[in-house]
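Computed from the coordinates by the stated procedures, all read-outs in this text should not be read as laboratory data. Just so you know, these numbers come straight off a predicted model, no measurement behind them. As a convention, Cβ positions derive from the backbone with ideal geometry for all residues, glycine included, and neighbour counts pool all protein chains shown.
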Amino acid sequence: MASFDLQTVFAEPSAKRISVFGLGYVGLPVAAALASRGFEVIGVDISSRIVDVINAGKIHIVEPDLDMVVQAAVSAGKLRATLDPEPADVFIIAVPTPFTGDHQPDMSSVREATNAIAPLLSKGNLIILESTSPTGTTENICSWIAETRPDLVLPDSELDDADIHVAHCPERVLPGRVLRELVDNDRIVGGISPRCAAYASELYRTFVRGEIHLTNARTAELAKLAENAYRDVNIAFANELSIICDRLGINVWEMINLANRHPRVQILAPGAGVGGHCISIDPWFIISAAPEVAKVMRAAREVNDSKPNYVCEKVKAAAARLRQPVIACLGLSYKADIDDLRASPALHIVEMLAQANVGELLVVEPNLKQLPASLREFGGVRQTELRQALAEADIVLLLVDHRQFRRIDREMLKPKITIDTRGVWR
Ligand code: SAJ
């Protein structure tokens, strides 16, 4: 890779200003990690509420230990948030990259962040895209900047000696373990040119203990998408098996456990579906780029997206056998032990049950103080404590394997109809 010596580029953190665009699940931990290494970090967000919360030394998301790191960084004067972008040495883009209604990538936030950065740029600046993005986005950033800054020489794969360095370093952190994974995970750094990659990797070396792998921007973009698509395909396989097992009268958990005794087999866990803001979205960025060939990924998306409906039909069939069914719905978040409801299959299932008026729904979600607005409008839906729900329910539907549910006394479940989507009571 690069033959030049960049060992000292970020050797004096206090001399460098870093601006992080987007202070969400990815940007805020990155900003806090850099501030705790001594950099002067300016977080930019479009929400004045988020800016105010962070400047008060607090956080607006649930993530273990992040509150302490942010609080320390803000009180040390190393991290501050603002609505107005300012000049810096390094700009990190960590804004959302959702998809539109027809599963096409919506890159408007990346474009807006780039437009905000362009007028602030000066020679020697580094721009890093952390947001998960379709292949070609990092190159697009260069083209967008070139439109408004013809005075700057931008890099390309042939041109290493540019005024600005641009690289993609996709985030890889698992919600719930973000601070640990930010430091310990290997990172992929894809540069527009080798010098861009080497320059960006020096920044990550200041706080990453994992290995840093250098490549070009397009490969880094697809590698990140492939990681999440890989997981989606494997979860779809498990979800499909769970439906096949239901048909054949086989306990899917026992069967998977046995199959996994093979040294080269590691089947994942079926569930209520695939949620969150990453795995249920990112495969579409590959599918939309190569629709005719991305067959397995499309099928996996369809299998995982249809699982909530399958669970809902199972509950309806069980409820049809009772006169006034009371159903305990355990869990609403998209996975265990977090409060994140984005694209949550559990929430979707409870919404569908409420709409179908299947019975009285007692919702237990220990990570939320109140029901989300989409459920509050239904008269037959109540949030209750676990104990009360278990006492009153005829049907106990386990949607998320929160730790509180794993500890439930099995004796309490004996007189109930149980539908366990996560195999907690296998
Ligand atoms: N799920 C199953 N069965 C399993 C594993 C997960 O049904 O065996 C479900 C979960 O319940 C959840 C969904 O899949 O609904 C996704 O959960 P997850 O824990 O697999 O992943 P995320 O979305 O929280 O985070 C992923 C991670 N990517 C990979 O593991 C390849 C994380 O490292 C990424 O940084 C993150 O996406 C991201 O931001 O892209």
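Mean 1/r over all different Cα pairs, inverted: what Kirkwood radius does the stretch 13-210 give, in Å?
On the way: mean 1/r = 0.0595 Å⁻¹.
Radius from the Kirkwood sum: 16.8 Å.
Could you point to the residue in Val265, Cys329, Val303 farthest towards the positive end of the stretch 226-420's charge dipole, with +1 and -1 charges on the Cβ of Lys/Arg and Asp/Glu respectively?
Val265
Past 30 Å, Cα to Cα: identify those pairs from Lys369/Lys416; Lys16/Lys335; Lys78/Lys369; Lys16/Lys58; Lys295/Lys335, in the order given. Kindly include the intermediate steps, with their values, before the conclusion.
Details: Lys369/Lys416 27 Å; Lys16/Lys335 38 Å; Lys78/Lys369 33 Å; Lys16/Lys58 24 Å; Lys295/Lys335 27 Å.
In this structure, Lys16/Lys335; Lys78/Lys369 exceed 30 Å between Cα atoms.
Hey, which aspartates and glutamates would be in cross-link range of Lys123, C-alpha to C-alpha under 16 Å, not counting anything within fewer than 8 residues on its own chain?
Straight-line reach from Lys123, under 16 Å: Glu86, Asp89, Asp151, Asp156, Asp160, Asp161, Asp163.
Given R₀ = 56 Å, FRET efficiency for Leu248-Asn140 by Cβ-Cβ distance, to 0.05?
0.70
Might you report the magnitude of the Cβ-based charge dipole of the stretch 226-420 about its Cα centre, with Lys and Arg at +1 and Asp and Glu at -1, to the nearest 20 debye? Mind showing how you got there, number by number?
Numbers: 24 positive and 24 negative charges, 76 e Å.
The dipole of the stretch 226-420 has a size of about 360 debye.
Work out how much length Tyr230 to Arg205 would gain on full extension: take 0.36 nm times their residue separation and subtract the Cα-Cα distance, in nm to one decimal.
Details: separation 25, 0.36 × 25 = 9.00 nm, distance 2.71 nm.
Working it through step by step, the gained length comes to 6.3 nm.
For the stretch 151-281, calculate the relative contact order in percent as a whole number, restricting contacts to Cα pairs under 8 Å that are 6 or more residues apart.
Dividing the mean separation by the residue count of the stretch 151-281 yields 19 percent.
Would you grab the residues whose amide H sits under 5 Å from the one on Ile127? Only those 5+ places off in sequence or on another chain, please, with H modelled 1.01 Å from N.
Phe91, His165, Val166, Ala167
In degrees from 0 to 90, rounded to the nearest 10, what is the angle of the helix 295-319 Cα long axis to the longest principal axis of the chain?
Tilt relative to the chain: about 30 degrees.
At q = 0.15, 0.18, 0.19 Å⁻¹, what is the base-10 log of I(q)/I(0) for the stretch 226-420 according to the Debye formula with one equal point scatterer per Cα and no solvent? Please give it to two decimals.
Values, matching the q order: -0.95, -1.28, -1.38.
Relative contact order (percent) for the chain, with alpha-carbon contacts under 8 angstrom and 6 or more residues of separation?
Relative contact order here is 11 percent.
Net charge near Ile192: determine it from the other residues with C-beta under 11 Å of the C-beta of Ile192, scoring Lys and Arg +1 and Asp and Glu -1.
Result for the local shell: -2.
Considering amide H positions built from the backbone, and no H for Pro or chain starts, which residues 5 or more places from Arg187, or on another chain, come under 5 Å of its amide H?
Distant-sequence amide H within range of Arg187: Glu211, Ile212, His213.
Among residues other than Val41 whose Cβ falls under 10 Å from its Cβ, what is the net charge (Lys/Arg +1, Asp/Glu -1)? Numbers along the way, then the final one.
Numbers: positive: Lys16, Arg17, Arg37, Lys78, Arg80; negative: Glu40.
Its environment carries a net charge of +4.
Given a Förster distance of 41 Å, report the FRET efficiency between Thr219 and Asn357 from their Cβ-Cβ distance, rounded to the nearest 0.05. Provide the component values of the computation, followed by the final result.
Numbers: r = 51 Å, r/R0 = 1.24.
E(calc), rounded to 0.05, equals 0.20.
Give the relative contact order (percent, whole number) for the stretch 13-210; include only Cα pairs under 8 Å separated by 6+ residues.
Working: 398 pairs, mean separation 37.0, N = 198.
Reported relative contact order: 19 percent.
Given the peptides 148-160, 340-352, 201-213, arrange them by the average over their residues of other C-beta atoms within 10 Å, most packed first.
Highest to lowest by the protection proxy: 340-352, 201-213, 148-160.
In nm, give the distance between the simple-model label positions of Asp163 and Thr82, each being 7 Å from the Cα along the Cα-to-Cβ direction.
In this crude spin-label approximation the distance works out to 2.2 nm.
Ranked highest first by the average count of other Cβ atoms within 10 Å around their residues, in what order do 241-249, 92-100 fall?
92-100, 241-249
Over all pairs of distinct alpha carbons, what does the Kirkwood formula give as the hydrodynamic radius of the stretch 188-269, in Å?
Numbers: mean 1/r = 0.0639 Å⁻¹.
For the stretch 188-269, inverting the mean 1/r across all distinct Cα pairs yields 15.6 Å.
For the chain, what is the charge dipole size about the Cα centre, in debye to the nearest 20, if Lys and Arg each add +1 at the Cβ and Asp and Glu each add -1 at the Cβ? Display every interim value, and only then the final one.
Details: 45 positive and 54 negative charges, 350 e Å.
The dipole magnitude comes to about 1680 debye.
Students often forget the sequence filter, so: which lysines lie under 24 Å Cα-Cα from Lys414 once same-chain residues fewer than 8 apart are removed?
Counting by Cα, and skipping residues close in sequence, Lys414 has these lysines nearby: Lys314, Lys316.
Setting aside same-chain residues fewer than 8 positions from Lys307, which aspartates and glutamates have a Cα under 17 Å from its Cα?
Output for Lys307: Asp232, Glu240, Asp246, Glu351, Asp401, Asp420.
Multiply the residue separation of Ser14 and Lys295 by 0.36 nm, subtract the distance between their alpha-carbon atoms, and state the gained length in nm to one decimal.
96.2 nm
So for the chain, Kirkwood radius off the Cα pairs, Stokes-Einstein at 25 °C and 0.890 mPa s: how many µm² s⁻¹?
The Stokes-Einstein estimate is 105 µm²/s.
Using a 10 Å cut-off around each Cβ, can you sort Tyr25, Tyr230, Tyr310 from fewest to most neighbouring Cβ atoms?
Details: Tyr25 22, Tyr230 14, Tyr310 17.
Neighbour counts put them in this order, fewest first: Tyr230, Tyr310, Tyr25.
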